[in-house]
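Written out below as C-alpha cells is the structure these notes cover.
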Amino acid sequence: MGWIVLILTPRFPIFARLLIPVVLCGLLAVAYLYLVVSDFNNAEGSFTTLAGVVQFFADPKVVLAGWIHYLVFDLFIGCWEVRDSRRHGIHHLLVIPSLILTFLLGPIGLLTYLVIRLIQTRSLNLAYEPTPKEMNSPATDVD
C-alpha cells in the first residue's frame with residue numbers, strides 16, 4: 001500500500017514526509033518490536049555464522065519479523081528517494097523505477113536512485129542543504 005501511494009501521489013509530499021515514514025513505518029516497527037520481544041528467546045540459531053542465521057530463520061515468527069524489518073527499512077528508503085528527488089528537481093517518472101526496485105530488491109533500488117541522482121544533479125552529496133525556495137518557505141512546506 002505504501003509503495004503504491006509513493007508511486008502514484010508525487011504531488012502530495014505529506015505522504016513521503018510524514019504518513020508513510022512516521023505513521024506506517026512506526027506501526028510496523030511496533031509489530032516488529034512485539035515479535036522480537038515475544039518470540040526471539042525461543043528461536044534457535046545466531047547471527048554469528050551463516051549456518052546460525054539459517055537455523056534462526058527456520059522459525060516462522062523470526063521470518064515474519066525479518067520480513068517486517070525489510071519492509072520498514074525499504075519503505076523508509078523509498079520515502080527518502082521521493083523527498084530527495086523533489087528537493088533536487090528530479091522528475092518523478094525517473095524515480096519510479098528505483099522505487100519499484102527498492103521494493104523488490106532493496107539495495108539495488110537505492111543504487112539505481114543514486115545513479116539517477118548523480119546523472120541529474122552531478123552530485124552525490126547527501127548532506128541536506130536547503131534550496132533557496134526552502135529557505136524562504138515556512139518550515140511546514142519543507143519536504
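Considering only residues that are touching a residue at least 12 places away in the same chain (Cβ under 8 Å) and among the small types (Gly, Ala, Ser), look in region 55-80 and name the one that is farthest from Thr102 (Cα to Cα).
Of everything passing the filter in region 55-80, Ala58 is farthest from Thr102 (Cα to Cα).
So which residues in region 75-93 are aliphatic (A, V, I, L, M) and loosely packed, with under 15 Cβ neighbours inside 10 Å? Write out each step before concluding.
Within region 75-93, the subset aliphatic (A, V, I, L, M) is 75, 77, 82, 90, 93.
Scanning region 75-93 gives a single hit, Leu93.
Only one of (1) small (Gly, Ala, Ser); (2) in a helix (DSSP H, G or I); (3) modelled with pLDDT under 90 is not met by Gly78, so which one is it?
(3)
Which ones in region 2-32 are closer than 18 Å to His69 by Cβ and either touching a residue at least 12 places away in the same chain (Cβ under 8 Å) or not in a helix (DSSP H, G or I) (or both)?
Gly2, Trp3, Ile20, Pro21, Leu24, Cys25, Leu28, Ala29, Ala31, Tyr32
Kindly indicate which of Leu105, Leu8 is exposed (fewer than 15 other Cβ atoms within 10 Å of the Cβ), closer than 28 Å to Leu124 by Cα, out of contact with any Asp or Glu (no Cβ under 6 Å at 6 or more places or on another chain) and at pLDDT 90 or above.
Numbers: Leu8 fails: at pLDDT 90 or above.
Being exposed (fewer than 15 other Cβ atoms within 10 Å of the Cβ), closer than 28 Å to Leu124 by Cα, out of contact with any Asp or Glu (no Cβ under 6 Å at 6 or more places or on another chain) and at pLDDT 90 or above holds for just one of Leu105, Leu8, which is Leu105.
Output the qualifying pairs, or none if there are none: Cβ atoms under 6 angstrom, residues six or more apart or on different chains, first residue in region 33-54 and more than 19 Å from Ile68 (Cβ to Cβ), second residue surrounded by 15 or more Cβ atoms within 10 Å (Cβ to Cβ) and not aromatic (Phe, Trp, Tyr).
As it stands, the answer is Glu44/Gln55; Gly52/Gly45, since those pairs meet every condition given.
Of the residues Ser46, Ser38, which is more than 20 Å from Gly2 (Cβ to Cβ), out of contact with any Asp or Glu (no Cβ under 6 Å at 6 or more places or on another chain), part of a helix (DSSP H, G or I) and polar (S, T, N, Q)?
Details: Ser46 fails: part of a helix (DSSP H, G or I).
Ser38 is the lone residue from the list that is more than 20 Å from Gly2 (Cβ to Cβ), out of contact with any Asp or Glu (no Cβ under 6 Å at 6 or more places or on another chain), part of a helix (DSSP H, G or I) and polar (S, T, N, Q).
Any idea how many residues of region 45-55 are at pLDDT 90 or above and either in contact with a helix residue (DSSP H, G or I) (Cβ under 7 Å, 6 or more places away or on another chain) or not hydroxyl-bearing (Ser, Thr, Tyr) (or both)? Break it down into steps so the answer makes sense when it comes.
As a first pass, look at region 45-55 and keep what is at pLDDT 90 or above: 48-55.
So of that shortlist, the ones also either in contact with a helix residue (DSSP H, G or I) (Cβ under 7 Å, 6 or more places away or on another chain) or not hydroxyl-bearing (Ser, Thr, Tyr) (or both) come out as 50-55.
Summing the residues that are at pLDDT 90 or above and either in contact with a helix residue (DSSP H, G or I) (Cβ under 7 Å, 6 or more places away or on another chain) or not hydroxyl-bearing (Ser, Thr, Tyr) (or both) in region 45-55 gives 6.
Output the residues belonging to region 85-109 that are in a helix (DSSP H, G or I) and over 12 Å from the mean Cα position of the chain (by Cα). Spell out the reasoning first.
Here is the first cut: in region 85-109, the residues in a helix (DSSP H, G or I) are 85-87, 92-105, 107-109.
Matches in region 85-109: Ser85, Arg86, Arg87, His92, Leu93, Leu94, Val95, Ile96, Pro97, Ile108.
Determine which member of the set Val54, Val63, Val72 is surrounded by 16 or more Cβ atoms within 10 Å (Cβ to Cβ) and not in a loop (DSSP other than H, G, I, E, B). Quick ask: steps written out before the conclusion?
On the way: Val54 fails: surrounded by 16 or more Cβ atoms within 10 Å (Cβ to Cβ); Val63 fails: surrounded by 16 or more Cβ atoms within 10 Å (Cβ to Cβ).
The conditions single out Val72.
Which of the residues belonging to region 36-73 are among the aromatic types (Phe, Trp, Tyr) and over 21 Å from Leu104 (Cα atoms)? Before the answer, list the steps.
Step one: filter region 36-73 for residues among the aromatic types (Phe, Trp, Tyr), giving 40, 47, 56-57, 67, 70, 73.
Those that are among the aromatic types (Phe, Trp, Tyr) and over 21 Å from Leu104 (Cα atoms): Phe40, Phe47, Phe56.
The values are calculated or read from the model by the stated rules, or taken from the named source; none is laboratory data. Owing to the predicted nature of the structure, the values given are computational and were not obtained by experimental measurement. Cβ: placed from backbone, ideal geometry, glycine included. Neighbour counts: every protein chain shown.
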